[in-house]
Each structure stands twice: as structure tokens, then as C-alpha cells.
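Okay, so here's the structure we're looking at.
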Amino acid sequence: NCHFNGTIEGSSYYIGGIVGYTGTYCIIENCSAGGNITSTSQNCAGIVGVASGTRISNCINIAEVKATNYAGGIVGSANNATTKILNCLNAGNIYGTSEYTGGIVSYIGASQVKYCINTGTVSGGGSIIGVASGTPTLEKNYYDNQRSIIGGKANADVANAQGLSTSEILALTSGTFNDQWNFTGTSYPTPKNVGCGEVGDAVNNLVKIAGATVRFAGSEIYSEIENDFTLASGFTW
């Protein structure tokens, strides 16, 4: 139930919106981050810079993340078989300088990534995972293929990560995903229990607005809108 919204600028090996480094038996849940998180080094992410033997669940990142290497929306590096990243949403743009850049996690070893969604742009690497080694467990991870524009190669996204259109992401339900998410059908699904406190509520609302505003025409993508689009009820442009 921790929420951060602001600016972090660092040069150390571990930079995170909530925690820089987490070790064995740590639990990070119901947390959110917004703003700008930047590292001139590596292992930089919206929630945890490096997770080793940690469970990260029901977290949201909408912060813009920039790092020289190992930049991730939720986790920078997950390098332990007992690390689990579950039910997390990244809606922030992630910028790295190599394929070690991921919408959810930049690098994963024999860890788990399940039931996660990415809607942010990734400069290189993959919409969900940048680089995978060992035998990670990947299950039911989705990314918005109209918004999550990949600048590099998505070498790990073929492993149980599915690209869906914005409307298909909005249409996800507990029947096709799981019951740890809030589903409205008109805004992006959000992990349950994140809206704890003013910042958490603001993050939830921003995610909902981001998912509700644009209706694409044909094969248009978020960064290349040319035609007129309509807005969800209650919003003006």
C-alpha cells in the first residue's frame, strides 16, 4: 500500500519507484508509481530495481522510466527462481539503450511473470520482457499492440505473451484473465486494491482515463493517429 508520484534521478545500480533492491522473502503488493524515474546506470524500474526472491503483486506503474540499461516498467531485473511478478500493470513509457528493456521486466531468469499487462511504449526489447534466460514461467501476459510500440526486437514476447488491440484489452474479463483485476469494459483493467490513498487513487484514475479516451480507426496506432477519433462519455479533448 505504498504510492510514489514524483521524480527520481539516480546513478546507482538499483533504482526503483518503491524499492531499489529487494531480497528473499520480501513482498511488495498494492503499490503504485508515477512521475519520472531515471538512472544513468542500470536496473531501473517503476516499482523495484532488482528483485531477488521477491513477490511483487497487484502493482501499477505509470511513471516514465529511463535507464542506460535494464529498464523495466515494474521490475528492472528478476534474477531468482522464487521471484514472482503477478497481476501488475505498466502504463508508463520505458526507455533503455539495449534489448534489455521491457514493459514489465527488462531481464528475467528462472522467475515467474503471470497475469500482467503492458500498455506503455518500450524503446527496445519486448512489450513484456526484454531478455529471458534459464526457464522462466510466463503465463497469460498481455500487451496493447496499438499503444505498446516496440523499438527493438521482442525476443521474449513469443513466450505466452499476447498482443491485443486496445478494444480487446478493454474487453478482458475474469473469465479470460483472473479475478485479481477490476474489469469495466470501458477502461483498462487495473489490479485490485491498488487505490489505497490519494496517490493510488490518482494513479488508478489516470490509467482509466488513458484507456478510455482514444478509439482507433482501422489499423492506426497510438503514436500515429491521423483520422478523427471519438472520446468516451464524460471526456472532452
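Return yes when Ile56 is at pLDDT below 95, β-branched (Val, Ile, Thr), buried (at least 18 other Cβ atoms within 10 Å of the Cβ) and closer than 20 Å to Ala91 by Cα and no when it is not.
no
One line per residue, one yes/no per condition, for (1) out of contact with any strand residue (DSSP E or B) (no Cβ under 9 Å at 6 or more places or on another chain); (2) in a loop (DSSP other than H, G, I, E, B); (3) at pLDDT 85 or above:
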site	(1), (2), (3)
Gly134	no, yes, no
Leu138	no, no, yes
Tyr142	no, no, yes
Glu168	no, no, yes
Leu172	no, yes, yes
Thr176	yes, yes, yes
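In this structure, is Asn90 polar (S, T, N, Q) and over 19 Å from Thr24 (Cα atoms)?
On the way: polar (S, T, N, Q): yes; over 19 Å from Thr24 (Cα atoms): yes.
In short, yes.
Out of all the residues in segment 5-18, is one or more open to solvent by less than 10 Å² (accessible area, probe 1.4 Å) and either under 18 Å from Ile129 (Cβ atoms) or part of a strand (DSSP E or B) (or both)?
No - not one qualifying residue is present in segment 5-18.
Does segment 102-113 include one or more residues that are farther than 18 Å from Ala63 by Cβ, of a type outside the set (A, V, I, L, M, F, W, C), at pLDDT below 90 and part of a loop (DSSP other than H, G, I, E, B)?
yes
Select from segment 114-127 the residues that are out of contact with any Asp or Glu (no Cβ under 6 Å at 6 or more places or on another chain), open to solvent by 10 Å² or more (accessible area, probe 1.4 Å) and at pLDDT 90 or above and list them in ascending order.
Going through segment 114-127, the residues out of contact with any Asp or Glu (no Cβ under 6 Å at 6 or more places or on another chain) turn out to be 115-118, 120-123.
Then drop every residue that is not open to solvent by 10 Å² or more (accessible area, probe 1.4 Å), which leaves 115, 121, 123.
Tyr115 - this is the single residue of segment 114-127 that is out of contact with any Asp or Glu (no Cβ under 6 Å at 6 or more places or on another chain), open to solvent by 10 Å² or more (accessible area, probe 1.4 Å) and at pLDDT 90 or above.
Taking the criterion of being closer than 25 Å to Val113 by Cβ, at pLDDT 60 or above and assigned to a loop (DSSP other than H, G, I, E, B), would at least one residue in segment 196-214 satisfy it?
Checking segment 196-214: not a single residue is closer than 25 Å to Val113 by Cβ, at pLDDT 60 or above and assigned to a loop (DSSP other than H, G, I, E, B).
Right, Ala63: touching a residue at least 24 places away in the same chain (Cβ under 8 Å) and more than 19 Å from Lys114 (Cα to Cα) or not?
It is true that Ala63 is touching a residue at least 24 places away in the same chain (Cβ under 8 Å) and more than 19 Å from Lys114 (Cα to Cα).
Scan segment 61-84 and give yes if some residue there is surrounded by fewer than 24 Cβ atoms within 10 Å (Cβ to Cβ), closer than 24 Å to Asn182 by Cα, within 12 Å of the chain's Cα centre (by Cα) and not polar (S, T, N, Q), otherwise no.
Checked segment 61-84: at least one residue is surrounded by fewer than 24 Cβ atoms within 10 Å (Cβ to Cβ), closer than 24 Å to Asn182 by Cα, within 12 Å of the chain's Cα centre (by Cα) and not polar (S, T, N, Q).
Of all residues in segment 26-53, which are open to solvent by 10 Å² or more (accessible area, probe 1.4 Å) and polar (S, T, N, Q)?
Result: Asn30, Asn36, Thr38, Thr40, Ser41, Gln42, Ser52.
Please specify each residue of segment 79-101 satisfying the condition of being part of a loop (DSSP other than H, G, I, E, B) and touching a helix residue (DSSP H, G or I) at 6+ places or on another chain (Cβ under 8 Å).
Within segment 79-101, Ala91 is the sole residue that qualifies.
The values are calculated or read from the model by the stated rules, or taken from the named source; none is laboratory data. Because the structure is a prediction, the values reported are computed rather than measured. Counting neighbours? That spans all protein chains shown, and the Cβs are built from the backbone with ideal geometry, glycine included. The accessibility values were calculated without ligands, DNA or RNA, using every heavy atom of the protein model including side chains. Shrake-Rupley method; radii C 1.70, N 1.55, O 1.52, S 1.80 Å.
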